[in-house]
Amino acid sequence: MSSKPPVIQLEGVTVAYDTVQVLEDISLSVAEGSFLAIIGPNGAGKTTLVRTILGLVRPMRGEVRVFGRPAAALGRLRRQIGYVPQMHAVDLHFPVRAEDVVMMGRYARLGLFRRPGKADRLAVERAMERLGVLELRRRPLGDLSGGQRQRVFLARALATEPRLLVLDEPTTGVDTHTSRSLYELLRDFQQEGITVLMVSHDVGVVSQYVDGVACVNRRLVAHGRPEVVLTDTTMTEMYGCQAMFFHHGKAPHMVVRMEEQEQ
Ligand SMILES: Nc1ncnc2c1ncn2[C@@H]1O[C@H](COP(=O)(O)OP(=O)(O)O)[C@@H](O)[C@H]1O
Ligand SMILES: [Mg+2]
């Protein structure tokens, strides 16, 4: 359909920690300007998949390309990726102010030894304003609520002026209203041309915002448009529970009945 090369391309990717295989034979491609959700149960390998795409984990087999280049050898192109890690990966007791966190998003551009300049301060301010956290700029990160912290980290990713934005469960511990406004914001970014890749377990809600879903449970169970992918069979394969979808126009609503005995 498009002549542009995919922003992300995985070909037969298998990842193992020591001898334990976590991802198996994943092939996936993400077109420039799309908004893709990676969904799947806990321990399915979603974070590992993200870290593999970022070149932080080397696959045992297969090939990962980002912006048409090997993920592990992106060089300067790495600056064009904004990354919001899963929250438990963040040390909340680290004594930094909100604006310091956002400025970290500029360091990849700055290099280690240059001090932030006017353009950097402006980018930080703009990103914080966009996320509605500018008035929190001098507050210590540890003082902020879950939702405020998520916005600060998203502002950090935005301050990198990314071409690709990667978020790992950005709505964990955040109420539904805040989640929805975050998804709307991500859709705005998409409309501005940023490719957005987001891990989520918020299946039913997320599918109303994204234009693609990748269901992962060690293997890629399904990949495509949400209204096509999120079928009974896919959900059953993925969660081991009976799931039903009622389609209201484009937005599937999900009812999940857990099996009697949990594994
Ligand atoms: N650094 C690691 N070393 C060893 N095993 C890991 C490591 N990170 C994750 N795992 C294991 O890999 C599997 C997938 O983890 P993860 O990618 O975090 O899944 P998800 O993000 O879907 O919850 C889990 O069984 C987890 O325990
Ligand atoms: Mg995870």
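The values are calculated or read from the model by the stated rules, or taken from the named source; none is laboratory data. Since we're looking at a predicted model, the values are computed, not measured. Every residue, glycine among them, receives a Cβ derived from its backbone with ideal geometry; neighbour counts consider all protein chains shown.
Quick rundown of the values:
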| read-out | value |
| --- | --- |
| Options Val213, Val174, Val196, Val152: the member that is away from ligand 2 (no atom under 16 Å from the Cβ), farther than 27 Å from Val13 by Cβ, within 16 Å of the chain's Cα centre (by Cα) and hydrophobic (A, V, I, L, M, F, W, C) | Val152 |
| Candidate set: the stretch 61-102, residues that are aliphatic (A, V, I, L, M), surrounded by fewer than 18 Cβ atoms within 10 Å (Cβ to Cβ) and modelled with pLDDT of 85 or more; chosen: the one farthest from Gly33 (Cα to Cα) | Val96 |
| Among (1) at pLDDT 90 or above; (2) out of contact with any Leu (no Cβ under 6 Å at 6 or more places or on another chain); (3) on the phi < 0 side of the Ramachandran plot, the one test that Ser3 misses | (1) |
| In the stretch 167-211, residue nearest to ligand 1 (Cβ to nearest atom) [restricted to those that are at pLDDT below 90, surrounded by fewer than 16 Cβ atoms within 10 Å (Cβ to Cβ) and not in a helix (DSSP H, G or I)] | Gly173 |
| Filter result (without any contact (Cβ under 8 Å) to a residue 12 or more places away in the chain, within 16 Å of ligand 1 (Cβ to nearest atom) and among the basic types (Lys, Arg)) within the stretch 41-73 | Arg51 |
| Any hit, the stretch 35-50, residues being more than 15 Å from the chain's Cα centre (by Cα) and not in a loop (DSSP other than H, G, I, E, B) | no |
| Residue ID - farthest from ligand 2 (Cβ to nearest atom), chosen from residues in the stretch 1-53 that are over 14 Å from Val221 (Cα atoms) and charged (D, E, K, R) | Lys4 |
